[in-house]
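The values are calculated or read from the model by the stated rules, or taken from the named source; none is laboratory data. Here the structure is a predicted model, which means the values were calculated and not measured. Heads up, the Cβs are rebuilt from the backbone with ideal geometry, glycines too, and the neighbour counts pull from every protein chain shown.
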Amino acid sequence: MAVVVPEAVLRHGDARPMPAVGMGVAEYPSTPERTRVAVLAALEAGFRHFDTASLYRTEAPLGEAIAEATRRGLLASREEAFVTTKLWCTQCHPDLVLPSLRESLRNLQMEYVDLYLIHWPISVKPGPMVFPVKKEDVVPFDFGGVWRAMEECHRLGLAKAIGVSNFTTKHLDKLLAVATILPAVNQVEMNPTWQQRTVREYCDAKGIRVTAYSPLGGQNWGGSANYVMESSVLTEIARARGKSIAQVSLRWIYEQGVTPIAKSYRKERLKENLEIFDWELTDEDRLKISQIPQRKRVTAASLFSPDGEFTSVDLPDIEIVEE
Ligand SMILES: NC(=O)c1ccc[n+]([C@@H]2O[C@H](COP(=O)([O-])OP(=O)(O)OC[C@H]3O[C@@H](n4cnc5c(N)ncnc54)[C@H](OP(=O)(O)O)[C@@H]3O)[C@@H](O)[C@H]2O)c1
């Protein structure tokens, strides 16, 4: 039997409600074919919420899989899927926002996205997306101009909802001061080992839905430890509940009123990651999780090459770590 996934209504009225767990569609290195096959497997498992970005280069295979699922009758129509994509830092300039969304829509072969996010509160000189970013290429972020262009995307019906990602309360303050349409979502790194209490409290008060990336501790790109999957507290809770560590983490995030975006390209794990709605953690589990030492993985510095200097911004202004 297909899992029934709860949905959350976003503040922008014409947006489709957001399914309470999303599939992350980012894998390095990957091939379009792996992504297409994984998204079809996710649709079969019951996923209806997908998270990509222009940076990930997976918009095209995601769109192909959704079109194929519609042809095969797995989806009644594209409207059944909730699709998010993101604006990369090199495009965070008022005149580049709409063309960037149009390019994403061409890749996705879609008329609209359900959610369009500013990927980072960082603006880089226009040019190709390269890693690591050169510090001297970072320029001041034009919150008013970029957000007005995001609002235009929404007004044109090309983005049913608009929002941000990796924004701290400082960045949100700057955005809210100039916004006519408030952001519907802030997507941030969040899991039991980085609980984002400050950002969540702020977003709850402002009616901004928080979505959680790296809900399972993230992919092992740098060969570093995974604090979620290796947590002794989560291991113990998983054993006691007869669940996996991944499920405990996803369930905890869901219980916080946050939507986890978990990446797996494996059929069994996709299924497992949706099976979090018919059981709950105990108060004792929640207390233990609240006491887990906090460690954030992704920082602004992780975007940049170690050499070079910032010439027109200060690092604290673009930092995304907030206790
Ligand atoms: N806004 C941002 O700046 C930002 C940053 C990072 C990520 N994201 C988004 O968030 C998504 C998820 O974050 P993430 O990719 O960093 O990490 P994640 O979802 O926390 O972890 C993914 C890793 O966990 C493994 N995994 C998945 N399900 C599992 C399970 N049930 N048991 C054991 N291992 C499991 C996956 O391997 P397999 O695939 O082999 O199963 C993969 O290596 C991304 O795909 C992307 O869409 C956004």
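Rundown of residues vs (1) touching an Asp or Glu at 6+ places or on another chain (Cβ under 7 Å); (2) touching a residue at least 60 places away in the same chain (Cβ under 8 Å); (3) within 15 Å of the ligand (Cβ to nearest atom), yes/no style:
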| position | (1), (2), (3) |
| --- | --- |
| G22 | yes, yes, yes |
| R36 | yes, no, yes |
| L55 | no, yes, yes |
| T58 | no, no, yes |
| E64 | no, no, no |
| R72 | no, no, no |
| E80 | no, no, no |
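So which residues in the range 10-51 are modelled with pLDDT under 95 and closer than 17 Å to K160 by Cα?
Of everything in the range 10-51, those that are modelled with pLDDT under 95 and closer than 17 Å to K160 by Cα turn out to be R11, H12, G13, D14, A15, R16.
Could you list, in sequence order, the residues of the range 296-323 that are within 19 Å of the chain's Cα centre (by Cα) and under 13 Å from Q196 (Cα atoms)?
K296, R297, V298, I320, V321, E322
Step by step: first the residues of the range 204-219, then only those that are more than 12 Å from the ligand (Cβ to nearest atom) and of a type outside the set (A, V, I, L, M), then the one that is surrounded by the fewest Cβ atoms within 10 Å (Cβ to Cβ). Which residue is that?
Among residues in the range 204-219 that are more than 12 Å from the ligand (Cβ to nearest atom) and of a type outside the set (A, V, I, L, M), the one surrounded by the fewest Cβ atoms within 10 Å (Cβ to Cβ) is G207.
Name the residue, out of I253, I261, I276, that is over 23 Å from D114 (Cα atoms) and crowded, with 22+ Cβ neighbours inside 10 Å.
Among I253, I261, I276, only I276 is over 23 Å from D114 (Cα atoms) and crowded, with 22+ Cβ neighbours inside 10 Å.
Pairs under 6 Å by beta carbon, first residue at positive phi in the range 205-234, partner more than 13 Å from the ligand (Cβ to nearest atom), six or more apart or different chains?
Correct list of pairs: G207/R11.
Of everything in the range 288-316, what is in a helix (DSSP H, G or I) and at pLDDT below 95? Give them in sequence order. Full working, then the answer.
At the first step, the residues of the range 288-316 found to be in a helix (DSSP H, G or I) are 288-290, 300-303, 315-316.
If the condition is that a residue be in a helix (DSSP H, G or I) and at pLDDT below 95, then A300, A301, S302, L303, L315, P316 are the ones that fit.
Name, by its number, the condition in (1) free of Cβ contacts under 8 Å to residues at least 60 places away in the same chain; (2) in a helix (DSSP H, G or I) that does not hold for E280.
Answer for E280: the failing condition is (2).
Please state which of the following conditions V248 fails to meet, knowing it meets all the rest: (1) surrounded by fewer than 21 Cβ atoms within 10 Å (Cβ to Cβ); (2) over 20 Å from T198 (Cβ atoms).
The number of the failed condition is (1).
If we keep just the residues of the range 14-58 that are among the aromatic types (F, W, Y) and in a loop (DSSP other than H, G, I, E, B), which is surrounded by the fewest Cβ atoms within 10 Å (Cβ to Cβ)? It would help to see each step written out before you state the result.
Of the residues in the range 14-58, the ones among the aromatic types (F, W, Y) are 28, 47, 50, 56.
Then keep just the ones that are in a loop (DSSP other than H, G, I, E, B); that gives 28, 47.
On the way: Y28: 9, F47: 23.
Among those that are among the aromatic types (F, W, Y) and in a loop (DSSP other than H, G, I, E, B), it is Y28.
Which pairs have Cβ atoms under 6 Å, sit 6 or more apart or on different chains, and link a residue in the range 184-202 that is within 19 Å of V21 (Cβ to Cβ) and small (G, A, S) to one that is at pLDDT 95 or above and part of a strand (DSSP E or B)?
Qualifying pairs under 6 Å: A184/A161; A184/G163.
So, of the residues in the range 220-232 that are more than 10 Å from the ligand (Cβ to nearest atom) and buried (at least 18 other Cβ atoms within 10 Å of the Cβ), which turns out to be farthest from L62 (Cα to Cα)?
By that ranking, first place goes to S231.
Answer with yes or no whether R71 is assigned to a helix (DSSP H, G or I), at pLDDT 95 or above and farther than 16 Å from R269 by Cβ.
In short, yes.
Looking at (1) crowded, with 18+ Cβ neighbours inside 10 Å; (2) of a type in the set (D, E, K, R); (3) touching a strand residue (DSSP E or B) at 6+ places or on another chain (Cβ under 8 Å), which one does R11 not meet, given that it meets all the others?
(1)
I want to confirm something. Restricting to the range 242-262 and keeping residues that are out of contact with any helix residue (DSSP H, G or I) (no Cβ under 7 Å at 6 or more places or on another chain) and closer than 13 Å to W279 by Cα, which single residue is nearest to the ligand (Cβ to nearest atom)?
Selected residue: K243.
Let's see how each residue does on (1) under 18 Å from A184 (Cα atoms); (2) in contact with a strand residue (DSSP E or B) (Cβ under 7 Å, 6 or more places away or on another chain):
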site: F50; (1), (2): yes, yes
site: A69; (1), (2): no, no
site: K86; (1), (2): yes, yes
site: K125; (1), (2): no, yes
site: P132; (1), (2): no, yes
site: C153; (1), (2): yes, yes
